[in-house]
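Working notes, structure below.
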């Protein structure tokens, strides 16, 4: 069993979760588990958060500060103590 810290930046104040997963779990499995937890805890209040989590094309996902897209994408394996941040896609200028 591993424990992964997860930050969801769907609004100005991030939400923090600690998620227990089986050894060898991927970022995709973590995202599914977070979705289940958000749905269970926030039936109506979490609707914006669920929309954010379900729009994976617009997510920036960092594993210990590094983009998962520079690793193995959604199949990137997680280890005990890892920190995953889920942020909206953004641009500046």
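The values are calculated or read from the model by the stated rules, or taken from the named source; none is laboratory data. Being a predicted model, the structure only gives us computed values, none of them experimental. Every residue, glycine among them, receives a Cβ derived from its backbone with ideal geometry; neighbour counts consider all protein chains shown.
Within segment 11-25, the only residue that satisfies the criterion of being out of contact with any strand residue (DSSP E or B) (no Cβ under 6 Å at 6 or more places or on another chain), at pLDDT 80 or above and surrounded by 11 or more Cβ atoms within 10 Å (Cβ to Cβ) is 25. Against the criterion of being modelled with pLDDT of 80 or more and within 18 Å of residue 3 (Cβ to Cβ), residue 87 does not qualify.
Scanning segment 33-85 for residues being in a helix (DSSP H, G or I), within 17 Å of residue 20 (Cα to Cα) and out of contact with any helix residue (DSSP H, G or I) (no Cβ under 8 Å at 6 or more places or on another chain) gives a total of 5. For segment 27-46, the set of residues classified as within 19 Å of residue 87 (Cβ to Cβ) and either exposed (fewer than 13 other Cβ atoms within 10 Å of the Cβ) or within 12 Å of the chain's Cα centre (by Cα) (or both) consists of 27, 28, 30, 31, 32, 33, 34, 35, 37, 38, listed by residue number.
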